[in-house]
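Trainee: Before I ask anything, let me first share the structure, which is written out below as structure tokens.
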Amino acid sequence: MIENIVFYIVSAILLASAVMVVSSRNPVHSVLFLILAFFNAAVLFLMAGAEFLAMVLVIVYVGAVAVLFMFVVMMLDVDFVALREGVQRYAPVGFAVGIILFVEIAFVAISWTVAPGATAARLSPVPGDVSNTVALGSLLYTKYIFLFQMAGAILLVSMIGAIVLTLRDRNRGKRQNVTMQHERMPADTMRMVNAKLGEGAVMPPQTEEAL
Amino acid sequence: MMAFFDTDVGIVILTILKSLALIVPLLIGVAYLTYAERKVMGAIQLRKGPNVVGPFGLAQPFADALKMMFKETIIPAGSDRILFIMAPMITFGLAVIAWAVIPVNDGWAIANINVGILYLLAISSLGVYGIIIAGWSSNSKYAFLGALRSAAQMVSYEVSMGFVIVTVLICVGSLNLNDIVMAQRHIWFAIPLFPMFVIFFISGLAETNRAPFDLAEGETEIVAGFFVEYSAMSFALFFLGEYANMILISATTTILFLGGWLSPIPFAPFTWVPGVVWFLIKLFACLFTFIWVRATFPRYRYDQLMALGWKVFLPISLGYLVLVAGVLEVFGWLPNA
């Protein structure tokens, strides 16, 4: 009873915030609604008994991916007038893309068949008394280990690619060398002098190494 | 009477009562943590600290709270009103809801869930939104700079924190906080995993935006950072949220590394002491260290902060994780293996 009410409330919020992501005028608000949508999706996972997936969805998507979205969107210089002009220009194209997507989804929905083993699996999503996380882990690291490792390798390659594309070795400015700073001895940089009254001490010419 | 608590309405009422039993002491704890901080820092800096309101200044937190309540809330003209008001609520709300899974004694948690530690990690990764939203909606350059700094800092330190937690988890074999504490019956994880303990504590300082990592605030360079435009109760909520987060990180450290409610000396007179007392003693020790660090260290420079997170903590925690996993595998100490 309570489960049903919560399910419908959460789903309604999820759909409403998904609509707001595309319809709100301010891009920052869009990202915030996206986060709300992720969050409600996590609650739905939780209600389906997939507690591990729910938490990972929040940690990865809300905690990391959406933060980067926010970062980029906040720094954009948003010109609202130009945005509104764009809407009128691109509306037909967007409409066409929307219709194509809708027709495709309709085709999929019409020709949908449930796999023979799926109904039984849905009735018992968690095998026996094993907790959700253990079940996922023992499947992912045994049966699907090669696929899992492959996904990891692809991510690693794309990460290195992104770093290589953006890394420029700019040799400007003073770079801090912590080891050099630690190795500096007082004798290298300090000199005790007895300054005579009215004359002061004469500075020796500074060398590059002393800096 | 007990049958009533098994009905739908009864469960709701019971949960509300449990939450109140946790939130009220937590808020009083937050109030007195601000007092303790001023007193301890006063003692360290050879001052007296608050000593006027009430005996030993004990009523000072309440005087401050009253002052905050009666001040005027100012909402800047160019701000995004709704988000501006929401941001402190998000910060404070997240700091409180994370407490739902913290066990203060064997089984004494509002929700003893299987993925407790993941829940804590998820909530702490959400904490950055309160700060980002505050910085953006204020429509002020200082606030925005503070928010950007804080977002980058929290995302960076969460990575090494995650690896530290994974290291603890492979020693436990469960994500349940109760199991994590019970796995430390024989030895606290702070001893075999000492480098991880240090990294976790320092990452905790960075995660809560405390000194020496309080660059989001940085009063000498960006005035007060992300909450420069906030006043009265909305400011108070940020303040309370920061202190509630401090207590939360201390509780997490206690559970992960200091054996939670377990007695440090496992025989007769010490095991009679209730677990809550041990938990609180360890919690206070962590909190004292937080304040001690603040009174001792100068603020980090921003690039050094980033270098510390990515070039020092991340490699060390990753290396130690591999080492611990290898040792557990070779000696056959892996739990549930």
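The values are calculated or read from the model by the stated rules, or taken from the named source; none is laboratory data. These figures come from a predicted structure and were not determined experimentally. All Cβ positions, even for glycine, are placed from backbone atoms using ideal geometry, and neighbour counts span all protein chains on display.
Trainee: Considering (1) more than 10 Å from every other protein chain (Cβ to nearest Cβ); (2) more than 24 Å from residue B:116 (Cβ to Cβ); (3) modelled with pLDDT under 90, say which one residue A:19 fails and leave the rest.
Mentor: Looking at each condition in turn, residue A:19 falls short on (3).
Trainee: Return the only residue of B:159, B:164, B:168 being in a helix (DSSP H, G or I), under 30 Å from residue B:306 (Cβ atoms), of a type in the set (A, V, I, L, M, F, W, C) and within 14 Å of another protein chain (Cβ to nearest Cβ).
Mentor: Selected residue: B:159, the only one of B:159, B:164, B:168 that is in a helix (DSSP H, G or I), under 30 Å from residue B:306 (Cβ atoms), of a type in the set (A, V, I, L, M, F, W, C) and within 14 Å of another protein chain (Cβ to nearest Cβ).
Trainee: Against the definition (free of Cβ contacts under 8 Å to residues at least 60 places away in the same chain, crowded, with 20+ Cβ neighbours inside 10 Å, under 30 Å from residue B:234 (Cα atoms) and within 11 Å of another protein chain (Cβ to nearest Cβ)), how does residue B:150 come out, yes or no?
Mentor: In short, no.
Trainee: Answer yes if at least one residue in the range B:279-286 is under 19 Å from residue B:42 (Cα atoms) and touching a Lys or Arg at 6+ places or on another chain (Cβ under 7 Å), and no otherwise.
Mentor: no
Trainee: Just a yes or no: is a residue in the range B:59-68 touching a Lys or Arg at 6+ places or on another chain (Cβ under 8 Å), assigned to a helix (DSSP H, G or I) and more than 12 Å from residue B:231 (Cβ to Cβ)?
Mentor: yes
Trainee: For the range B:219-266, give me the residue count where each residue is touching a Lys or Arg at 6+ places or on another chain (Cβ under 9 Å) and on the phi > 0 side of the Ramachandran plot.
Mentor: Residues meeting the conditions: 4.
Trainee: Oh, and also: Residues that are over 28 Å from residue B:176 (Cα atoms) and either of a type in the set (A, V, I, L, M, F, W, C) or at pLDDT 80 or above (or both), at least 2 per element: which helices (runs of 4 or more DSSP H) completely within the range A:103-188 meet that?
Mentor: A:118-123, A:145-166, A:178-183
Trainee: For the range A:60-71, indicate whether the set of residues that are touching a helix residue (DSSP H, G or I) at 6+ places or on another chain (Cβ under 9 Å), more than 9 Å from chain B (Cβ to nearest Cβ) and either under 19 Å from residue B:86 (Cβ atoms) or assigned to a loop (DSSP other than H, G, I, E, B) (or both) is non-empty.
Mentor: Among the residues of the range A:60-71, at least one is touching a helix residue (DSSP H, G or I) at 6+ places or on another chain (Cβ under 9 Å), more than 9 Å from chain B (Cβ to nearest Cβ) and either under 19 Å from residue B:86 (Cβ atoms) or assigned to a loop (DSSP other than H, G, I, E, B) (or both), which makes the answer yes.
Trainee: Looking only at the range B:286-336, how many residues end up being in contact (Cβ under 8 Å) with a residue 40 or more places away in the chain, within 21 Å of residue B:164 (Cα to Cα) and of a type in the set (Gly, Ala, Ser)?
Mentor: Residues meeting the conditions: 3.
Trainee: Does the range B:234-246 include one or more residues that are of a type in the set (Phe, Trp, Tyr), at pLDDT below 90 and more than 22 Å from residue B:36 (Cα to Cα)?
Mentor: No: the range B:234-246 contains no residue that is of a type in the set (Phe, Trp, Tyr), at pLDDT below 90 and more than 22 Å from residue B:36 (Cα to Cα).
Here's the yes/no breakdown for (1) over 23 Å from the mean Cα position of the chain (by Cα); (2) among the aliphatic types (A, V, I, L, M):
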{"residue": "B:12", "(1), (2)": "yes, yes"}
{"residue": "B:19", "(1), (2)": "no, no"}
{"residue": "B:27", "(1), (2)": "no, yes"}
{"residue": "B:30", "(1), (2)": "no, yes"}
{"residue": "B:38", "(1), (2)": "no, no"}
{"residue": "B:66", "(1), (2)": "yes, yes"}
{"residue": "B:69", "(1), (2)": "yes, yes"}
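Trainee: Are there helices (runs of 4 or more DSSP H) fully within the range B:221-337 with at least 1 residues that are within 14 Å of chain A (Cβ to nearest Cβ)? List them.
Mentor: Per the criteria, B:302-307, B:314-330.
Trainee: Here's another thing I want to ask about it. Can you spot a residue in the range B:190-212 that is in contact with a Lys or Arg (Cβ under 9 Å, 6 or more places away or on another chain), more than 14 Å from chain A (Cβ to nearest Cβ), in a loop (DSSP other than H, G, I, E, B) and crowded, with 22+ Cβ neighbours inside 10 Å?
Mentor: no
Trainee: Picking from B:71, B:39, B:18, B:48, which residue would you name as being charged (D, E, K, R) and crowded, with 17+ Cβ neighbours inside 10 Å?
Mentor: The conditions single out B:39.
Trainee: Next question. Taking the range B:65-79 on its own, how many of its residues are within 14 Å of another protein chain (Cβ to nearest Cβ) and either polar (S, T, N, Q) or in contact with a strand residue (DSSP E or B) (Cβ under 6 Å, 6 or more places away or on another chain) (or both)?
Mentor: Number of matching residues: 1.
Trainee: Could you list, in sequence order, the residues of the range A:17-74 that are farther than 28 Å from residue A:3 by Cα and in contact (Cβ under 8 Å) with a residue 24 or more places away in the chain?
Mentor: A:25, A:26, A:27, A:28, A:30, A:31, A:66, A:69, A:70, A:73, A:74, listed by residue number.
Trainee: Also, I was wondering about something else. Being within 11 Å of chain A (Cβ to nearest Cβ), in a helix (DSSP H, G or I) and surrounded by 23 or more Cβ atoms within 10 Å (Cβ to Cβ) narrows it down to one residue among B:82, B:117; which is it?
Mentor: Just a single option satisfies the conditions, and that option is B:117.
Trainee: Could I ask something else about it? Would it be correct to say that residue B:104 is of a type in the set (A, V, I, L, M) and more than 12 Å from every other protein chain (Cβ to nearest Cβ)?
Mentor: yes
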